[in-house]
């Protein structure tokens, strides 16, 4: 019996390319209907193996949704997501979201304010603006969670 389990384990390992994959996260994304970069960011999440449900909201409702979920005006971008109890605002890289969920800090979530060129969903060739990913704390203050350098 033990030999059979080892064979099954080896087959599963080979079928998955021999790479361990993280558990898929479940995202709920709120966006406006006409935002193409929101769709591109969703595709980045899905390509990383995560599950995404999205809903289109009128802009005024979306802004209320952001405030309700702890995102202040200085941290806003075009879409707002919920994952594992955290709020994700804007074009936050997948790796930072996965790190947040793994480390479980006492925080509201992460935000990339604005729409920096080269951030996930805002790709423009190899060009990337420098941008910071902010950890949004429960009291509304922020601190840099990760930084990305400009690439020209």
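Read-outs: derived from the displayed coordinates by stated rules, not from any lab. Note that the structure is predicted; figures quoted are calculated from it, not measured.
Look at the alpha carbon pairs under 8 Å that are at least 6 residues apart: their mean separation over the length of the stretch 25-148 gives a relative contact order of 23 percent.
Taking a ≥ b ≥ c as the square roots of the Cα gyration tensor eigenvalues, the stretch 40-126 comes out rounded, since a/c falls below 1.5.
Here the extension length gained between residue 103 and residue 43 equals 19.2 nm, from 0.36 nm per residue of separation less the Cα-Cα distance. Nearest 10 degrees is fine. How inclined is helix 36-47 to the longest principal axis of the chain, computing both from alpha carbons? Between the helix axis and the principal axis of the chain, the angle is about 20 degrees. The angle between the Cα long axis of helix 2-15 and the main principal axis of the chain comes to about 40°, on a 0 to 90 degree scale.
By DSSP, what percent of the beta bridges with both residues in the chain are antiparallel, rounded to the nearest 5?
Bridges in the chain that DSSP calls antiparallel: roughly 65 percent.
Using only Cα atoms and rounding to the nearest 10 degrees, what angle (0 to 90) does helix 59-68 make with the longest principal axis of the chain? Taking the Cα atoms of the chain, the angle to 59-68 is about 70 degrees. Taking each DSSP H run with n ≥ 4 as -39500 (n - 2.57) and averaging over every residue of the chain yields -9500 deg cm²/dmol at 222 nm.
Of the labelled figures (1) 41, 30, 28; (2) 60, 36, 31; (3) 55, 30, 17, only one reflects Cα extents along the principal axes in Å as derived from the coordinates, namely (2).
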